[in-house]
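Since every read-out is calculated from the coordinates, none of them should be taken as a lab result. What you are looking at is a predicted structure, and each value in this text was computed from that prediction instead of being measured. All Cβ positions, glycine included, derive from the backbone under ideal geometry; neighbour counts span all protein chains shown.
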Amino acid sequence: MLEAIAAAAGLPAVGSESVERDETLAAQRALGRAVRLAWRTRTRRGFFLRAEDFFGFAKRIAQLRAEMLARVAEVEAEFADASASSSRASCRAASTSSTSPRRRSPHRASSPSWR
C-alpha cells in the first residue's frame, strides 16, 4: 500500500530505478492509479525509499569505500617508493658533496644565543 501511495503521489524513488520504470512496482503503480489522494496542504518535498533500495544503497556505499581504500593504499605505496628512492638519492648527494665532516666549533656557546 505504501508503494502504491508513493507511485500515486509521484514521489521520486531512491534506488536503482524510478517508480515509473521499476518492473517490481507494476502492481503498486496499478493500485496507485486506483487510489485517490487528498491533502490539506500538498508538499512537493520528499522521496520514496524501500528497504531493498536502502540495502542496495548501503551495499553500493560499502563497495565504493572498499574501492577508495584500495586506491589510497596504492597511492601510499607509490609515494612511499618514490619517497624512499628520493631519500636514498639525497643521502648519496649529501655524502658526495661534502668531503670533510662538519665539526662544531669549540668556541660556540652550548646554550642558545637568544638567552
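Computed over all pairs of different Cα atoms, the Kirkwood value for the hydrodynamic radius of segment 1-49 is 11.0 Å. For ALA84 and ARG40, the difference between the fully extended length at 0.36 nm per residue and the C-alpha to C-alpha distance is 9.0 nm. The local environment of GLY10, defined by Cβ-Cβ distances under 12 Å, has a net charge of +3 under the rule Lys, Arg +1 and Asp, Glu -1. Close amide-amide hydrogen proximity is noted between ALA13 and VAL19, PHE48, each under 5 Å apart and 5 or more residues distant or on a separate chain (H modeled in the peptide plane; Pro and chain starts excluded).
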